[in-house]
Amino acid sequence: MIKHTTGIVAVIISLTLLLSGCGDKQNTTAKAEEKQTPEQTYQWKMVTSWPKNFPGLGMAPEKFAQYVNEMSNGRLTIHVYGAGELVPGFEVFDAVSQGTVQMGHSGAYYWKGKIPAAPIFGALPFGMTATELNAWLHYGGGLELWREQYKPFGIIPMAGGTTGAQFGGWFKKEINSIDDLKGLKMRIPGLAGDVLKKAGAIPVNLTGGEIFSSLQSGAIDATEWVGPYNDLAFGFYQAADYYYTSVWHEPTAGLEFLINEKAFNALPKDLQKIIEVAARAVNEDTLDEYNARNNAALKTLVEKHHVKLRQLPQEVIAQLKVYTAEVMAEQAAKDAGFAKVWQSYQAFLQDIRSYNDITLKEYYQNR
Ligand code: CA
């Protein structure tokens, strides 16, 4: 009986201790919760060089904003603006640099007037393909060089999608010799414009939304844009008969996220990581989408809209390659930054091309 009573007392004491312990823990948790301030939220703006929600290009920033919102549970929300909604498409870089907005989405070659090396991170005539560019940027030192180039402007760049190989473009007349390029007014950005200039053409820089009316009115004779998926969306087949499939000027176009450095540094570490991971996801997603949709769009262009497909003659391609080498050498001689980035790009391309020649090139012919 005594033993039994002692047992009961022991149980009561243990329960009391346990309960009071629980109570202490609850109090501590409650106090900690009281001390916590509500989680800080951030509202960012992202300006772009594309029409709002344009397939591929314009959806990349929309997807990015969605991923960031979901991964951060609404702590970082980003409002995306199409070209001209907040700033014109070619003023994206300045808006991010000046801190008018926290982010931008664009193409690096649009900034060649400010940073001669910028086009190398986007697209070079006879340069890297999409997978090669991604490999150089993320495992070949390219991204570090890119950040070094944009640092003086207070901008952190990240790869923001890539289009895959772009078509030679839309022409009102056939191109049968290099002389057919003389006097030709063509919308073409980046260093490819300088290459065409050597052939006597007149390169014109227009944002996507401005191209169709210029082609239709005759203000330009030819244009490149992206490839079937995007070119169908703009309806270029209504303004030019010939669609050149030859890939030369943009074997891919690497897009970019531009992030204001101060705004990025003001974010907590987890939100910074979310931005980096979302950018990587969008970068891959964009290429997947182009690869999946280009062929169906090409069929529509040919079968429904009766577009005439053409290839540039080999002699034209060969001459454009000679002019490209001249343009690269001239740029490297003019600007030390260009020379440094070009050296890294060239070395990486030389290696990966040799590898791809004995693997993919042979496989494409064999399968
Ligand atoms: Ca293009």
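The values are calculated or read from the model by the stated rules, or taken from the named source; none is laboratory data. Just so you know, these numbers come straight off a predicted model, no measurement behind them. Neighbour counts are summed over all protein chains in view; Cβ atoms, including those assigned to glycine, are modelled from backbone coordinates with ideal geometry. Protein only, heavy atoms only, side chains kept; ligands, DNA and RNA dropped before computing areas. Shrake-Rupley method; radii C 1.70, N 1.55, O 1.52, S 1.80 Å.
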I'd like to know how the stretch 295-345 sits against the 2.2 N^0.38 Å rule of thumb: what's its Cα Rg over that expected value? 1.86
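Using just the helices of the chain, give the 222 nm mean residue ellipticity in deg cm²/dmol: DSSP H runs with n ≥ 4 each add -39,500 (n - 2.57), and the total is spread over all residues, rounded to 500. If you can, show how the numbers build up before the last one.
On the way: 13 runs with 184 residues, N = 367.
My calculation for the chain gives -16000 deg cm²/dmol from helical runs alone.
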With 20 Å bins from zero, work out the P(r) of the chain over every alpha carbon pair and list the percent per bin. 26, 49, 12, 7, 4, 1
Among Pro55, Pro38, Pro228: highest mean-square fluctuation, GNM of the chain, C-alpha pairs under 10 Å: Pro38
√(5λ) per eigenvalue of the Cα gyration tensor, the stretch 101-142, largest first, Å: 19, 14, 9
Reference-scaled alpha-carbon Rg (2.2 N^0.38 Å with N residues) for the stretch 187-271: 1.44
Relative contact order of the stretch 82-180: what whole-number percent is it, with Cα pairs under 8 angstrom and at least 6 residues apart? 18
Semi-axes a, b, c in Å (a largest) for the stretch 134-292, each sqrt of 5 times a Cα gyration tensor eigenvalue, come to 34, 17, 15
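To the nearest 0.05, how large is the calculated FRET efficiency for Ser217 and Glu303 if R₀ is 22 Å and r is the Cβ-Cβ distance? Mind dumping the intermediate values first?
Values: r = 28 Å, r/R0 = 1.27.
It comes to 0.20.
Kindly state, to the nearest 0.05, the FRET efficiency for Lys197 paired with Glu39, given R0 = 45 Å and r defined as their beta-carbon distance. Display every interim value, and only then the final one.
Details: r = 54 Å, r/R0 = 1.20.
The calculated FRET efficiency here is 0.25.
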Anyone know which of Lys172, Lys269, Lys112 comes out most mobile in the 10 Å Cα GNM of the chain? Lys269
The stretch 171-288: Lys pairs at Cα distance under 12 angstrom, eight or more positions apart or on different chains: 5
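Over 17 Å apart: what share of the alpha carbon pairs of the stretch 325-367 falls there, rounded to a whole percent? Walk me through the numbers before you get to the answer.
Details: 433 of 903 pairs.
The proportion of pairs with Cα distances above 17 Å equals 48 percent.
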Computed curve, the stretch 269-330, Cα-only Debye sum without solvent term, log₁₀ I(q)/I(0) at 0.20, 0.24 Å⁻¹, is -0.85, -0.91
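Evaluate the charge dipole of the stretch 257-339 about its Cα centre and quote only its size in Debye, nearest 20, assuming +1 on the Cβ of each Lys and Arg and -1 on the Cβ of each Asp and Glu. Please list the in-between numbers first.
Working: 11 positive and 12 negative charges, 58 e Å.
In total the dipole reaches around 280 debye.
Could you give the size of the charge dipole of the chain about its Cα centre, using +1 on the Cβ of each K and R and -1 on the Cβ of each D and E, expressed in debye and rounded to the nearest 20? All intermediate terms of the calculation are to be shown ahead of the outcome.
Details: 34 positive and 38 negative charges, 76 e Å.
Taking the Cα centre of the chain as origin, the dipole is about 360 debye.
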Environment charge at Ser354 (Cβ cut-off 15 Å; Lys +1, Arg +1, Asp -1, Glu -1): -2
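Can you list which of the GluC sites (Glu not before Pro) found in the stretch 43-127 are DSSP loop residues with at most 15 other C-beta atoms within 10 Å?
Values: sites: Glu62, Glu70, Glu85, Glu91; in loops: Glu85.
Here the sparse-neighbourhood loop sites are Glu85.
Quick check: at a probe of 1.4 Å, how many percent of the accessible area of the chain sits on carbon and sulfur atoms? Write down the numbers at each step before the final one.
Details: 9660 of 18070 Å².
After summing per-atom areas, the C and S share lands at 53 percent.
Take the alpha carbon atoms of the stretch 216-367, find their radius of gyration, then divide it by 2.2 N^0.38 Å using N residues; give the quotient. Intermediate results must be reported in sequence, preceding the final value.
Details: Rg = 20.0 Å, N = 152, 2.2 N^0.38 = 14.8 Å.
That ratio works out to 1.35.
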Taking the Cα centre as origin and putting +1 on Lys and Arg beta-carbons and -1 on Asp and Glu beta-carbons, what dipole magnitude results for the stretch 157-219, to the nearest 20 debye? 100
Put a dot 7 Å past each Cα toward the Cβ at Lys173 and Ala339; how far apart are the dots in nm? 4.1
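Just to confirm, what accessible area per residue do you get for the stretch 295-367 at 1.4 Å probe, in whole Å²? Present the calculation step by step, with values, prior to reporting the outcome.
Details: 5040 Å² over 73 residues.
Solvent-accessible surface per residue comes out at 69 Å².
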For all pairs of alpha-carbon atoms in the stretch 233-311, what percent lies in each bin of width 5 Å, listed from the first bin to the last filled one? 3, 11, 15, 16, 14, 10, 9, 8, 7, 6, 2
